[in-house]
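The values are calculated or read from the model by the stated rules, or taken from the named source; none is laboratory data. This one's a predicted model, so the numbers in the text were calculated from it and none came from an experiment. Methodologically, a virtual Cβ is constructed for each residue, glycine included, from the backbone with ideal geometry; neighbour enumeration extends over all protein chains shown.
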Amino acid sequence: MKDKIVIITGANKGIGKEATKQIAKLGAKVYMACRSIDSANMAREEIINETGNINVFVRHLDLASVESIIKFTDQFKKEETKLDLLINNAGLWTKTKRLTDINVEFTFAVNVLGPQFLTKLLVDELKRGANSRIINTASHFAGGLDITDINFDRRKFNETLAYKQTKQANRMLTREWARRLQTDNISVYSLTPGFIPDTQLFREQNVFGKFLLKIFALIEGRTIEEGADTIVWLSSAEKILGNNGGFFNRRKEEKCKFNNPAAEKRLWDKCDEFLSNVKTNEPVFR
């Protein structure tokens, strides 16, 4: 992956950190887009020491904040003219309902709307890349999306459902992006890393919840290295055996039960509705 320029969100911990390390080993120039700068700098130093690749950089990015996303992309565009690979990996599971500065439920903002906005702002750079790819970390643990009630205004807020609906949305928007970019030589894929108990995703679980997760981990658990493997493969393989817009598990495409072009278009439009009042330096609704 020499001469490739890569952005990966949530690159300071878990599968994001491992994927960053493996991609850096392949010689890419990597931008670690992270909310915690201190944690990211520690991870960067470790990655550089292990890989010998000094072209690994930390940049602040808070996917819950449209201002942060705009600031991140503006800075990236001053430093680079192209982007070959965007890995939307960062994710959140939170117990409490709260809204962002543009009144979007926090889990959906971080897991779906933030990556959607980030990708929109970087489309031109991706078009200037070489056989560019967008990779979205999704999950098998997906479902329950109500496009008319993203914020749980009608439904009682449930942390599990809030997370599951975002993972369904990740898979749906991946296919919509693939359709919209099919003439631009940009491939778009989603994947499940599997259940990885050794991450920060479940840090807000109560004692009983953590106990159940430990039991499930004995049956279905994967290591961080195993979870990152499909991300790295989708990032670096010369040829992907699967469809553009496909959903992948352990390097193989799986049939996605949420395949519905009309619903995917409605979800895209709903995201645009949330972002309609955001002011940027360039048009993002094309």
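Here are the numbers for this structure:
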| read-out | value |
| --- | --- |
| Residues of the stretch 29-46 classified as out of contact with any Phe, Trp or Tyr (no Cβ under 8 Å at 6 or more places or on another chain) and crowded, with 24+ Cβ neighbours inside 10 Å, total | 2 |
| Sole exception among (1) surrounded by fewer than 24 Cβ atoms within 10 Å (Cβ to Cβ); (2) within 17 Å of the chain's Cα centre (by Cα) for ILE134, by number | (1) |
| Failed item in (1) small (Gly, Ala, Ser); (2) buried (at least 20 other Cβ atoms within 10 Å of the Cβ); (3) over 24 Å from ILE231 (Cβ atoms), with GLY144 passing the rest | (2) |
| Tally of residues being closer than 22 Å to LEU275 by Cα and at pLDDT below 95 across the stretch 95-115 | 1 |
| Entirely in the stretch 1-111, the helices (runs of 4 or more DSSP H) that have 1 or more residues that are in contact with a strand residue (DSSP E or B) (Cβ under 9 Å, 6 or more places away or on another chain), farther than 25 Å from THR223 by Cα and acidic (Asp, Glu) | 66-79 |
| Residue list for the stretch 147-160, filter: loosely packed, with under 12 Cβ neighbours inside 10 Å and either in contact (Cβ under 8 Å) with a residue 60 or more places away in the chain or in a loop (DSSP other than H, G, I, E, B) (or both) | ASP153, ARG154, LYS156 |
| Per-region count, the stretch 2-52, residues more than 17 Å from the chain's Cα centre (by Cα) and on the phi > 0 side of the Ramachandran plot | 3 |
| Boolean, LYS82 is modelled with pLDDT under 95 and either touching a Cys at 6+ places or on another chain (Cβ under 8 Å) or among the charged types (D, E, K, R) (or both) | no |
